[in-house]
Amino acid sequence: MPDLPKKKVGIVACSGEELPAGTVTRLAALKVLEELRPGDTVTICLPLFLAGGEGDRAFARFYPTIAVDGCDKRCAARATEMYSSKPAASLVVEELITDQGLKLSGSARRLDESGQKAVEITANRIAEWVDELLHKHWSRRTGTFIESMEVVETPKTTQAGCLCGGTIPSQEVMVNGGRVTLVALPLIFQQCSQTAKPPDDKTADEILEIVKIYNQVPAEEEAAYRVALLHEYELFCNQQEAAR
Amino acid sequence: MTDPKGKVVIVPCSGIGKSYGTVTREAAYEVTEDLLPEETRLIALSLLVLGDEEARAAVAESPAVTIDGCKLACATKMVKESGGIVAQDFTVLDCYRRHKEFKPQGIVELNEGGQRLAHALAEEIAATINNFNHAPVSDTNQGGHHA
């Protein structure tokens with residue numbers, strides 16, 4: 001198995017600049033990333049689902065993700081599902097704090113005491129969910145939990161682990177004359193190279209199997225993928241050799 | 001200029017993990033709240049990502065000024081994707097190259113260098129928008145130039 005990033009929970013905040021609750025989402029996410037669960041969480045800027053690459057769009061498939069929204073437009077949750085994968089959990093700050101009898105005042109630019117309290121409440125809720133999600137088995141192939149465990153539903157009511165521009169390494173390869181992007185392929189090649197696997201048929205089979213864990217490979221195209229992967233791995237090995 | 005439709009739209013990048021993202025946001029707030037509150041309005045990038053109709057209409061109807069924190073230029077890309085016209089795109093890095101003495105640090109709270117960089121950027125943006133208001137309309141919609 002390649003040395004892919006250890007299991008972490010992704011946090012996507014709406015960061016809405018127009019509302020105090022949007023600022024709360026950003027600061028709460030940062031509090032979790034920097035203070036409460038720094039080793040267990042990563043984040044991504046929401047716009048990268050559109051402006052970034054395939055690796056960015058794979059974010060919510062690789063990491064069970066908590067979407068943190070300020071208002072009921074739920075930009076983070078809906079955009080994450082639309083462009084990446086369904087968040088494992090989501091919350092809306094305005095609903096969460098209303099449940100706790102708190103009303104936000106102040107501006108989006110500078111939170112007042114109520115805003116700071118909202119940050120604390122929201123961050124603590126996120127941290128609780130991080131702990132829950134870390135104990136569940138996550139499939140990076142399907143972007144869902146493997147076991148039929150209860151997924152946290154939306155309540156009714158430094159660098160901060162930022163991965164922008166380099167979420168999951170990916171590589172384009174030519175398959176049947178078409179260009180496809182394979183998530184995690186650079187890491188897979190690296191792992192095979194480090195264990196001195198030669199670019200041969202046996203290794204090609206192994207690489208294909210690992211690639212299938214992280215990517216959708218149509219059954220009828222497996223042979224073509226295998227050929228392409230072996231070719232790319234040969235190139236990778238040659239580059240490694242030349243660099244020595 | 002109080003009609004929202006006539007206001008220049010300011011779109012910061014929404015970056016969450018780096019100081020430069022915070023600088024974009026601070027500069028946007030300074031322009032829209034302090035320097036040119038009557039001439040500008042802020043649009044959250046998350047709304048454009050989702051395809052919110054009101055936000056898309058805002059960037060389609062008014063010239064937009066984007067402020068990006070990194071080379072991925074999310075704000076500029078999203079305004080264009082949303083059918084808007086980028087009248088001017090600013091990047092924090094370009095501004096920092098002109099003000100090397102203001103090194104930004106911190107994300108939740110910018111250090112003094114970051115705050116001064118945001119202020120310098122806000123003033124550049126305000127000056128540019130003031131020029132829009134004195135230039136022929138066709139000159140404000142060329143887009144795509146770094147400040």
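Restricting to segment B:41-59, and then to whatever is over 14 Å from A:L19 (Cβ atoms) and facing another protein chain (nearest Cβ under 7 Å), can you tell me which residue is surrounded by the most Cβ atoms within 10 Å (Cβ to Cβ)? Among those that are over 14 Å from A:L19 (Cβ atoms) and facing another protein chain (nearest Cβ under 7 Å), it is B:V49. Annotation for segment B:22-29: no member residue is within 11 Å of chain A (Cβ to nearest Cβ), modelled with pLDDT under 95 and under 10 Å from the mean Cα position of the chain (by Cα). Quick check on segment B:103-119. Is at least one of its residues more than 28 Å from A:V119 (Cα to Cα) and not acidic (D, E)? Within segment B:103-119, not a single residue is more than 28 Å from A:V119 (Cα to Cα) and not acidic (D, E).
Here B:E38 fulfils each of the conditions (1) surrounded by fewer than 20 Cβ atoms within 10 Å (Cβ to Cβ); (2) assigned to a helix (DSSP H, G or I) apart from (2). The numbered conditions (1) more than 8 Å from chain A (Cβ to nearest Cβ); (2) farther than 12 Å from B:G84 by Cβ are all true for B:P63 except (2). Looking across segment A:174-220, the residues that are farther than 17 Å from A:F62 by Cα, buried (at least 16 other Cβ atoms within 10 Å of the Cβ) and among the aliphatic types (A, V, I, L, M) come down to A:V175, A:V180, A:A204, A:I207, A:L208.
The values are calculated or read from the model by the stated rules, or taken from the named source; none is laboratory data. Please read all numbers here as calculations on a predicted model, not as lab measurements. Please note: Cβ atoms are built from the backbone with ideal geometry, for glycine as well, and neighbour counts cover all protein chains shown.
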